[in-house]
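Asks: To start, I am sharing the structure in question, which I have written as C-alpha coordinates.
The values are calculated or read from the model by the stated rules, or taken from the named source; none is laboratory data. Remember, it's a predicted structure, so these values are computed and weren't measured experimentally. Heads up, the Cβs are rebuilt from the backbone with ideal geometry, glycines too, and the neighbour counts pull from every protein chain shown. Surface areas here come from the heavy atoms of the whole protein model, side chains and all, with no ligands, DNA or RNA. Shrake-Rupley method; radii C 1.70, N 1.55, O 1.52, S 1.80 Å.
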Amino acid sequence: MDTTSTAGHQVLSRIKLFMALSRTPHGLLDMTTPALGALLCLGAIPSGQIIALGLLTAFAGYTAVYALNDVVDFRADTEKIAKCGVPCLDSDLDSVYARHPLAQGLLNMKEGLLWTAAWGSIALIGAYALNPACAVIFILGAAAEAVYCVLLKVSHLRTLVSGVVKTAGGVAAVFAVASSPPMPFLICLFLWLFCWEIGGQNVPNDWSDLDEDRNLDARTIPVRFGTNGSAEIILSCLAVSVCLSLILFWVTPAGLGSFYLPGALASGVFLLLIPACQLYKSRNPRDAAALFNRASYYPPAMFVVVVISSL
(Lines give C-alpha, C1' and ligand atoms only; values in the text may rest on other atoms or scores of the structure.)
Protein backbone atom coordinates (compact mmCIF):
# COMPACT_ATOMS: atom_id res chain seq x y z
CA MET A 1 0.00 0.00 0.00
CA ASP A 2 2.83 2.36 0.88
CA THR A 3 4.61 1.56 -2.39
CA THR A 4 1.42 2.21 -4.39
CA SER A 5 0.84 5.46 -2.53
CA THR A 6 4.41 6.60 -3.16
CA ALA A 7 4.19 5.73 -6.87
CA GLY A 8 0.90 7.60 -7.15
CA HIS A 9 2.41 10.63 -5.46
CA GLN A 10 5.37 10.58 -7.84
CA VAL A 11 3.08 10.40 -10.87
CA LEU A 12 1.00 13.28 -9.54
CA SER A 13 4.15 15.33 -8.92
CA ARG A 14 5.28 14.76 -12.51
CA ILE A 15 1.87 15.76 -13.85
CA LYS A 16 2.04 18.97 -11.81
CA LEU A 17 5.40 19.80 -13.38
CA PHE A 18 3.94 19.52 -16.87
CA MET A 19 0.98 21.61 -15.73
CA ALA A 20 3.48 24.17 -14.45
CA LEU A 21 5.21 24.16 -17.83
CA SER A 22 1.86 24.99 -19.47
CA ARG A 23 0.65 27.24 -16.63
CA THR A 24 -2.55 25.21 -16.61
CA PRO A 25 -4.41 27.18 -13.90
CA HIS A 26 -3.98 30.35 -15.98
CA GLY A 27 -4.70 28.47 -19.20
CA LEU A 28 -8.03 27.25 -17.86
CA LEU A 29 -9.06 30.84 -17.18
CA ASP A 30 -7.87 31.87 -20.64
CA MET A 31 -10.06 29.17 -22.21
CA THR A 32 -13.08 31.34 -21.49
CA THR A 33 -11.74 33.91 -23.99
CA PRO A 34 -12.55 31.82 -27.10
CA ALA A 35 -15.84 30.80 -25.53
CA LEU A 36 -16.56 34.48 -24.99
CA GLY A 37 -15.67 35.36 -28.58
CA ALA A 38 -17.89 32.62 -29.98
CA LEU A 39 -20.84 33.57 -27.79
CA LEU A 40 -20.51 37.27 -28.60
CA CYS A 41 -20.60 36.44 -32.31
CA LEU A 42 -23.27 33.75 -32.27
CA GLY A 43 -25.56 35.13 -29.59
CA ALA A 44 -26.52 31.59 -28.59
CA ILE A 45 -24.98 28.39 -27.25
CA PRO A 46 -23.27 26.48 -30.10
CA SER A 47 -24.07 22.85 -30.87
CA GLY A 48 -22.77 20.14 -28.55
CA GLN A 49 -20.28 19.00 -31.20
CA ILE A 50 -18.82 22.50 -31.55
CA ILE A 51 -18.64 22.90 -27.77
CA ALA A 52 -16.82 19.58 -27.25
CA LEU A 53 -14.37 20.11 -30.10
CA GLY A 54 -13.88 23.75 -29.15
CA LEU A 55 -13.07 22.94 -25.52
CA LEU A 56 -10.54 20.28 -26.49
CA THR A 57 -8.94 22.56 -29.08
CA ALA A 58 -8.79 25.53 -26.73
CA PHE A 59 -7.25 23.47 -23.91
CA ALA A 60 -4.70 21.95 -26.25
CA GLY A 61 -3.88 25.32 -27.81
CA TYR A 62 -3.28 27.17 -24.56
CA THR A 63 -1.38 24.19 -23.13
CA ALA A 64 0.92 24.10 -26.16
CA VAL A 65 1.51 27.85 -26.48
CA TYR A 66 2.28 28.40 -22.79
CA ALA A 67 4.71 25.46 -22.87
CA LEU A 68 6.25 26.87 -26.07
CA ASN A 69 7.03 30.05 -24.15
CA ASP A 70 9.20 28.16 -21.65
CA VAL A 71 10.81 26.03 -24.37
CA VAL A 72 11.88 29.04 -26.45
CA ASP A 73 12.80 31.06 -23.34
CA PHE A 74 14.85 28.22 -21.84
CA ARG A 75 18.25 29.93 -22.08
CA ALA A 76 16.94 33.29 -20.86
CA ASP A 77 15.09 31.69 -17.94
CA THR A 78 18.16 29.63 -17.03
CA GLU A 79 20.33 32.76 -17.08
CA LYS A 80 17.79 34.64 -14.97
CA ILE A 81 17.68 31.87 -12.37
CA ALA A 82 21.50 31.67 -12.31
CA LYS A 83 21.81 35.43 -11.71
CA CYS A 84 18.80 36.09 -9.51
CA GLY A 85 17.68 32.70 -8.18
CA VAL A 86 14.15 31.37 -8.37
CA PRO A 87 11.82 34.20 -7.34
CA CYS A 88 9.39 33.46 -4.55
CA LEU A 89 6.06 34.47 -6.06
CA ASP A 90 3.48 32.47 -4.15
CA SER A 91 0.83 35.02 -5.08
CA ASP A 92 1.55 34.70 -8.82
CA LEU A 93 -1.11 32.73 -10.67
CA ASP A 94 1.52 31.50 -13.13
CA SER A 95 3.59 29.96 -10.33
CA VAL A 96 0.98 27.77 -8.66
CA TYR A 97 2.95 24.54 -9.15
CA ALA A 98 6.46 25.68 -10.13
CA ARG A 99 8.02 28.53 -12.05
CA HIS A 100 9.95 27.64 -15.23
CA PRO A 101 10.34 23.88 -14.53
CA LEU A 102 12.54 23.47 -17.63
CA ALA A 103 15.02 26.13 -16.54
CA GLN A 104 15.06 24.69 -13.01
CA GLY A 105 15.92 21.24 -14.38
CA LEU A 106 12.72 19.70 -13.04
CA LEU A 107 11.86 18.65 -16.61
CA ASN A 108 14.31 18.04 -19.45
CA MET A 109 14.14 19.63 -22.89
CA LYS A 110 13.05 16.41 -24.62
CA GLU A 111 10.06 16.16 -22.30
CA GLY A 112 9.22 19.80 -22.88
CA LEU A 113 9.41 19.49 -26.65
CA LEU A 114 7.34 16.30 -26.76
CA TRP A 115 4.69 17.81 -24.47
CA THR A 116 4.51 20.98 -26.56
CA ALA A 117 4.42 19.13 -29.89
CA ALA A 118 1.76 16.66 -28.74
CA TRP A 119 -0.67 19.31 -27.52
CA GLY A 120 0.16 21.55 -30.48
CA SER A 121 -0.76 18.74 -32.87
CA ILE A 122 -4.07 18.16 -31.12
CA ALA A 123 -4.82 21.88 -31.22
CA LEU A 124 -3.97 22.12 -34.92
CA ILE A 125 -6.17 19.14 -35.85
CA GLY A 126 -9.05 20.44 -33.75
CA ALA A 127 -8.72 23.96 -35.14
CA TYR A 128 -8.73 22.67 -38.72
CA ALA A 129 -11.83 20.57 -38.01
CA LEU A 130 -13.62 23.67 -36.72
CA ASN A 131 -12.54 25.85 -39.65
CA PRO A 132 -9.27 25.91 -41.65
CA ALA A 133 -9.07 29.62 -40.82
CA CYS A 134 -8.84 28.66 -37.13
CA ALA A 135 -5.83 26.45 -37.91
CA VAL A 136 -4.11 29.35 -39.69
CA ILE A 137 -4.77 31.63 -36.73
CA PHE A 138 -3.34 29.02 -34.33
CA ILE A 139 -0.16 28.63 -36.39
CA LEU A 140 0.30 32.40 -36.60
CA GLY A 141 -0.38 32.77 -32.87
CA ALA A 142 2.19 30.10 -31.97
CA ALA A 143 4.75 31.70 -34.31
CA ALA A 144 4.07 35.09 -32.74
CA GLU A 145 4.63 33.60 -29.27
CA ALA A 146 8.05 32.35 -30.37
CA VAL A 147 8.88 35.78 -31.81
CA TYR A 148 7.78 37.39 -28.53
CA CYS A 149 10.26 35.25 -26.62
CA VAL A 150 13.12 35.89 -29.05
CA LEU A 151 12.64 39.65 -28.67
CA LEU A 152 13.30 39.57 -24.91
CA LYS A 153 16.65 41.38 -25.22
CA VAL A 154 15.82 43.19 -28.45
CA SER A 155 12.86 45.54 -27.96
CA HIS A 156 10.22 46.52 -25.44
CA LEU A 157 7.77 46.58 -28.35
CA ARG A 158 7.55 42.80 -27.91
CA THR A 159 4.61 43.57 -25.66
CA LEU A 160 2.60 44.37 -28.80
CA VAL A 161 3.30 40.86 -30.05
CA SER A 162 1.98 39.50 -26.76
CA GLY A 163 -1.22 41.45 -27.29
CA VAL A 164 -1.67 39.83 -30.70
CA VAL A 165 -1.05 36.33 -29.28
CA LYS A 166 -3.70 36.72 -26.59
CA THR A 167 -6.34 37.81 -29.11
CA ALA A 168 -5.78 34.71 -31.26
CA GLY A 169 -8.04 32.41 -29.23
CA GLY A 170 -10.98 34.79 -29.19
CA VAL A 171 -10.68 35.66 -32.89
CA ALA A 172 -10.27 32.00 -33.91
CA ALA A 173 -13.40 31.07 -31.96
CA VAL A 174 -15.40 33.63 -33.95
CA PHE A 175 -14.42 31.88 -37.19
CA ALA A 176 -15.34 28.54 -35.61
CA VAL A 177 -19.00 29.64 -35.46
CA ALA A 178 -19.21 32.15 -38.34
CA SER A 179 -17.52 31.93 -41.73
CA SER A 180 -17.87 35.68 -42.44
CA PRO A 181 -18.15 37.64 -39.17
CA PRO A 182 -18.78 41.42 -39.38
CA MET A 183 -15.51 43.34 -39.64
CA PRO A 184 -16.48 46.09 -37.11
CA PHE A 185 -17.17 43.37 -34.54
CA LEU A 186 -13.86 41.60 -35.25
CA ILE A 187 -11.89 44.84 -34.96
CA CYS A 188 -13.60 45.81 -31.69
CA LEU A 189 -13.11 42.31 -30.24
CA PHE A 190 -9.43 42.32 -31.23
CA LEU A 191 -8.71 45.75 -29.73
CA TRP A 192 -10.66 44.95 -26.56
CA LEU A 193 -8.66 41.78 -25.84
CA PHE A 194 -5.43 43.43 -27.02
CA CYS A 195 -5.73 46.30 -24.52
CA TRP A 196 -6.74 43.92 -21.72
CA GLU A 197 -3.64 41.79 -22.35
CA ILE A 198 -1.25 44.76 -22.44
CA GLY A 199 -2.68 46.57 -19.42
CA GLY A 200 -3.86 43.67 -17.30
CA GLN A 201 -1.42 40.88 -18.06
CA ASN A 202 1.81 41.61 -19.92
CA VAL A 203 3.01 44.88 -18.39
CA PRO A 204 1.97 44.03 -14.79
CA ASN A 205 3.68 40.65 -15.10
CA ASP A 206 6.87 42.28 -16.39
CA TRP A 207 6.63 44.81 -13.56
CA SER A 208 6.78 41.93 -11.07
CA ASP A 209 10.01 40.79 -12.76
CA LEU A 210 11.51 44.29 -13.08
CA ASP A 211 14.64 43.72 -10.97
CA GLU A 212 15.41 40.37 -12.59
CA ASP A 213 14.86 41.79 -16.09
CA ARG A 214 17.22 44.70 -15.41
CA ASN A 215 19.93 42.28 -14.31
CA LEU A 216 19.28 40.23 -17.44
CA ASP A 217 19.41 43.30 -19.69
CA ALA A 218 15.92 42.44 -20.94
CA ARG A 219 13.81 44.89 -22.92
CA THR A 220 10.37 45.29 -21.37
CA ILE A 221 7.95 48.16 -20.87
CA PRO A 222 8.83 48.57 -17.14
CA VAL A 223 12.56 48.47 -17.92
CA ARG A 224 12.17 51.00 -20.74
CA PHE A 225 9.69 53.44 -19.14
CA GLY A 226 10.10 52.78 -15.43
CA THR A 227 7.29 52.46 -12.93
CA ASN A 228 5.75 55.86 -13.70
CA GLY A 229 5.45 55.27 -17.42
CA SER A 230 4.32 51.68 -16.91
CA ALA A 231 1.56 52.76 -14.53
CA GLU A 232 0.27 55.25 -17.10
CA ILE A 233 0.34 52.65 -19.89
CA ILE A 234 -1.49 50.11 -17.73
CA LEU A 235 -4.23 52.48 -16.64
CA SER A 236 -4.70 53.88 -20.16
CA CYS A 237 -4.93 50.44 -21.79
CA LEU A 238 -7.40 49.14 -19.23
CA ALA A 239 -9.58 52.25 -19.48
CA VAL A 240 -9.72 51.75 -23.26
CA SER A 241 -10.46 48.05 -22.79
CA VAL A 242 -13.43 48.77 -20.52
CA CYS A 243 -14.77 51.35 -23.01
CA LEU A 244 -14.45 48.84 -25.86
CA SER A 245 -16.32 46.23 -23.83
CA LEU A 246 -19.25 48.64 -23.73
CA ILE A 247 -19.00 49.46 -27.44
CA LEU A 248 -19.25 45.73 -28.17
CA PHE A 249 -22.90 45.92 -27.11
CA TRP A 250 -23.69 47.83 -30.32
CA VAL A 251 -21.35 46.06 -32.78
CA THR A 252 -21.80 42.41 -31.79
CA PRO A 253 -24.08 40.29 -34.01
CA ALA A 254 -25.56 38.84 -30.82
CA GLY A 255 -28.71 40.41 -29.45
CA LEU A 256 -27.60 41.08 -25.89
CA GLY A 257 -30.03 42.00 -23.14
CA SER A 258 -29.99 45.04 -20.90
CA PHE A 259 -27.88 43.25 -18.25
CA TYR A 260 -24.79 43.43 -20.49
CA LEU A 261 -23.87 47.09 -20.07
CA PRO A 262 -23.98 47.28 -16.25
CA GLY A 263 -22.46 43.80 -15.99
CA ALA A 264 -19.57 44.66 -18.33
CA LEU A 265 -18.96 47.97 -16.58
CA ALA A 266 -18.95 46.38 -13.12
CA SER A 267 -16.57 43.62 -14.25
CA GLY A 268 -14.18 46.13 -15.79
CA VAL A 269 -14.21 48.47 -12.81
CA PHE A 270 -13.75 45.77 -10.16
CA LEU A 271 -11.30 43.47 -11.96
CA LEU A 272 -9.33 46.03 -13.99
CA LEU A 273 -9.68 49.69 -13.05
CA ILE A 274 -9.69 49.46 -9.24
CA PRO A 275 -6.48 47.36 -9.01
CA ALA A 276 -4.91 49.46 -11.79
CA CYS A 277 -5.62 52.65 -9.84
CA GLN A 278 -4.16 51.06 -6.71
CA LEU A 279 -0.99 50.23 -8.64
CA TYR A 280 -0.92 53.72 -10.14
CA LYS A 281 -0.89 55.20 -6.62
CA SER A 282 1.43 52.73 -4.90
CA ARG A 283 3.96 51.75 -7.65
CA ASN A 284 4.34 48.54 -5.60
CA PRO A 285 5.32 45.27 -7.34
CA ARG A 286 2.88 43.42 -5.08
CA ASP A 287 0.06 45.51 -6.49
CA ALA A 288 1.29 44.70 -10.00
CA ALA A 289 1.00 40.99 -9.20
CA ALA A 290 -2.43 41.59 -7.64
CA LEU A 291 -3.59 43.35 -10.80
CA PHE A 292 -2.27 40.51 -12.97
CA ASN A 293 -4.14 37.93 -10.91
CA ARG A 294 -7.40 39.85 -10.75
CA ALA A 295 -7.31 40.75 -14.44
CA SER A 296 -6.90 37.04 -15.24
CA TYR A 297 -10.49 36.55 -14.03
CA TYR A 298 -11.84 39.22 -16.37
CA PRO A 299 -12.60 36.91 -19.35
CA PRO A 300 -14.50 34.39 -17.15
CA ALA A 301 -16.45 37.25 -15.57
CA MET A 302 -17.32 38.69 -18.97
CA PHE A 303 -18.32 35.24 -20.19
CA VAL A 304 -20.83 35.00 -17.35
CA VAL A 305 -22.12 38.48 -18.19
CA VAL A 306 -22.62 37.53 -21.86
CA VAL A 307 -24.33 34.23 -20.98
CA ILE A 308 -26.80 36.01 -18.69
CA SER A 309 -27.34 38.75 -21.29
CA SER A 310 -28.04 36.13 -23.98
CA LEU A 311 -30.83 34.38 -22.06
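Asks: Largest first and in whole Å, give the semi-axes of segment 114-179's equivalent ellipsoid, each being the square root of 5 times a Cα gyration tensor eigenvalue.
Replies: 24, 15, 7
Asks: Let me ask you something else. Report, in whole Å, the centroid distance computed from the Cα atoms of segment 128-182 and segment 229-300.
Replies: 21 Å
Asks: Under 11 Å from a label point 7 Å along Cα→Cβ of A239: give me every residue in segment 191-216 with its amide N that close.
Replies: Nothing falls inside the zone, counting backbone N under 11 Å.
Asks: Now, a different point. How large is the Kirkwood hydrodynamic radius of segment 251-299, in angstrom, based on all distinct alpha carbon pairs?
Replies: By the Kirkwood definition, the hydrodynamic radius is 12.0 Å.
Asks: Separate question: For segment 70-210, give the percent of accessible area contributed by carbon and sulfur heavy atoms, probe 1.4 Å, rounded to a whole number.
Replies: For segment 70-210, the apolar C and S fraction of the accessible surface comes to 70 percent.
Asks: Let me ask another. Using a Gaussian network model of the chain with C-alpha springs under 10 Å, which one of P285, P262, P25 is most mobile by mean-square fluctuation?
Replies: P262
Asks: With a 1.4 Å probe and all protein chains left in place, how much accessible area per residue does the chain have, in Å²?
Replies: 44 Å²
Asks: Return the single residue from S245, S230, S180 with maximal mean-square fluctuation; model: Gaussian network over the chain, springs between Cα atoms under 10 Å.
Replies: In the Gaussian network model the winner is S180.
Asks: Then there's this: How long is segment 178-311 along each principal axis, judged by its Cα atoms, biggest number first, in Å?
Replies: 50, 29, 19
Asks: Along the charge dipole of segment 185-290, which of F190, F225, I274 sits closest to the positive end, that is, farthest toward it, with unit charges on the beta carbon of Lys, Arg, Asp and Glu (+1, +1, -1, -1)?
Replies: Going by the charge dipole, the pick is I274.
Asks: How many percent of all Cα-Cα pairs in segment 67-203 sit more than 18 Å apart?
Replies: Summing the P(r) of segment 67-203 above 18 Å gives 63 percent of all pairs.
Asks: Still on this structure, I have one more. Based on the Cβ-Cβ distance from F74 to I187, what FRET efficiency comes out when R0 is 45 Å, to the nearest 0.05?
Replies: 0.80
Asks: Report the percentage of all Cα-Cα pairs in segment 144-221 whose separation exceeds 21 Å, rounded to a whole percent.
Replies: 35 percent
Asks: Related question: From the helices alone, meaning DSSP H stretches of at least four residues, give me the mean residue ellipticity at 222 nm for the chain, per-run term -39500 (n - 2.57), in deg cm²/dmol to the nearest 500.
Replies: -25000 deg cm²/dmol
Asks: Using every Cα-Cα pair within segment 221-295, state what percent have a distance larger than 17 Å.
Replies: When every Cα pair of segment 221-295 is considered, 48 percent fall beyond 17 Å.
Asks: Taking only the alpha-carbon positions of the chain and ignoring solvent, what does the Debye formula give for the base-10 log of I(q)/I(0) at q = 0.12, 0.16 Å⁻¹?
Replies: -0.80, -1.36
Asks: Would you count, across the chain, every pair of lysines whose alpha carbons are under 25 angstrom apart, provided the pair is eight or more residues apart or spans two chains?
Replies: Close lysine pairs under the 25 Å cut-off: 9.
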